[in-house]
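Chemist: Pasting in a structure now, in C-alpha cells, and then I'll have a few things to ask.
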Amino acid sequence: MKRIRLTVAYDGTDYCGWQVQPNGVTIEEMLNRAIRKLTGEDIQVIGASRTDSGVHALGNVAVFDTNSTIPPERMSYALNQRLPEDIVVVRSEEVPEDWHPRYQDRIRKTYEYHIYNAPVPNPLRRRYASYVSFPLDVEKMQEGASYLEGEHDFVSFCNVRTQVEDTVRTVEKLEISREGPEIVIRITGNGFLYNMVRIIAGTLIRVGRGFYPPEKVQEILEARRRTEAGVTAPPEGLVLVEIAYFS
C-alpha cells in the first residue's frame, strides 16, 4: 500500500464544490470515479481544501491509498485520460503513509480573488471574475487590506456557520493589483476560515466604492461580529492558487 499525493487544478463553475454531496456533482466525486476506473479499487480521496460551489483551483491537494503498481509520478497522466477537461491532475507523487493534507505543522495557502471592474461586463470573464460596474479605488482597498495582515481573530470575516472554535489566523501577505479592468486581491496565510477570503473581498470592494473608509477594516476586525463586515463576494472570482508545505 502506498499513499499518492495529487495536485489538482479545476474550473469549479459546473460543480457543487469539492466535497461529495447528494445534491450535485463535485470535484471529489469525479476524482474518486477516475481513480476507481484506473485502479479498480474503491477509493475515497482526502482533500486539503473543501472549496465551495463555483470556486476554482490551480493547486488544491488530495491524497489516496492504493495497491496499484502504476509509478506514482505517472498517475497524473493516467488519471487525466479519465477526467473531464475542466479537472486536471497537475502532479502526482508518493508521500509517507501517514502524511495528511490538512494536518501539517507548516502550511501556507494562497488565494486570489478576481474582480472585473468596468462600465460593462466582459462575457469572457464571467466564469472567472466577479463583475463590479462602479469605479473602485485600489489604493484605498490596499490601505484597508493592510489592517488584515498579521495574526488576528478573523471571526468577523467568516460565515456564521463556521464550526471551528479557534478563529485566529495569520495573514502573511495581502496585496491588491490592477491591470486594466482586472483587479486581483492576492492573500497568503497559514489557513482560512469558511468564506473568509470572499468576505474579505466583499469588504474591500465596499472600501473601494467609498462606502467604508479604509480604517473601517480595523474596526470590523476588533468588533468580532460577522454583521460588521461586507457581503460575501460571489464564488466565481475565487481561485485557490497554491497550498505549500514546509518540513
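The values are calculated or read from the model by the stated rules, or taken from the named source; none is laboratory data. Fair warning: this is a prediction, and the values are worked out from it, not measured in the lab. In this analysis, Cβ positions are derived from the backbone assuming ideal geometry, glycine residues included, and neighbour counts consider all displayed protein chains.
Chemist: Report yes if some residue within segment 63-84 is without any contact (Cβ under 8 Å) to a residue 60 or more places away in the chain and within 20 Å of the chain's Cα centre (by Cα); otherwise report no.
Modeler: Looking for residues that are without any contact (Cβ under 8 Å) to a residue 60 or more places away in the chain and within 20 Å of the chain's Cα centre (by Cα), one finds none in segment 63-84, hence no.
Chemist: Also: Got a number for residues in segment 206-240 being within 19 Å of the chain's Cα centre (by Cα) and not small (G, A, S)?
Modeler: Of the residues in segment 206-240, 8 are within 19 Å of the chain's Cα centre (by Cα) and not small (G, A, S).
Chemist: How many residues are in contact with a helix residue (DSSP H, G or I) (Cβ under 7 Å, 6 or more places away or on another chain) and at negative phi when one looks only at segment 50-84?
Modeler: Of the residues in segment 50-84, 13 are in contact with a helix residue (DSSP H, G or I) (Cβ under 7 Å, 6 or more places away or on another chain) and at negative phi.
Chemist: Yes or no: E219 in a helix (DSSP H, G or I) and either surrounded by fewer than 19 Cβ atoms within 10 Å (Cβ to Cβ) or modelled with pLDDT under 95 (or both)?
Modeler: Numbers: in a helix (DSSP H, G or I): yes; either surrounded by fewer than 19 Cβ atoms within 10 Å (Cβ to Cβ) or modelled with pLDDT under 95 (or both): yes.
Spelling it out, E219 is indeed in a helix (DSSP H, G or I) and either surrounded by fewer than 19 Cβ atoms within 10 Å (Cβ to Cβ) or modelled with pLDDT under 95 (or both).
Chemist: Looking only at residues in segment 138-181 that are assigned to a loop (DSSP other than H, G, I, E, B) and more than 20 Å from the chain's Cα centre (by Cα), which one is surrounded by the fewest Cβ atoms within 10 Å (Cβ to Cβ)?
Modeler: Taking segment 138-181 as the starting set, the residues that turn out to be assigned to a loop (DSSP other than H, G, I, E, B) are 147-149, 154, 158-167, 180-181.
When the remaining residues are screened for being more than 20 Å from the chain's Cα centre (by Cα), the result is 147, 165, 180-181.
Values: Y147: 19, E165: 5, G180: 8, P181: 17.
The residue in question is E165.
Chemist: Can you tell me how many residues within segment 120-137 are surrounded by 14 or more Cβ atoms within 10 Å (Cβ to Cβ), touching a Pro at 6+ places or on another chain (Cβ under 7 Å) and among the small types (G, A, S)?
Modeler: Residues that pass the stated criteria total 1.
Chemist: Determine, yes or no, whether G144 is of a type in the set (G, A, S) and free of Cβ contacts under 8 Å to residues at least 60 places away in the same chain.
Modeler: Values: of a type in the set (G, A, S): yes; free of Cβ contacts under 8 Å to residues at least 60 places away in the same chain: no.
Considered against the rule, which asks whether it is of a type in the set (G, A, S) and free of Cβ contacts under 8 Å to residues at least 60 places away in the same chain, G144 comes out as no.
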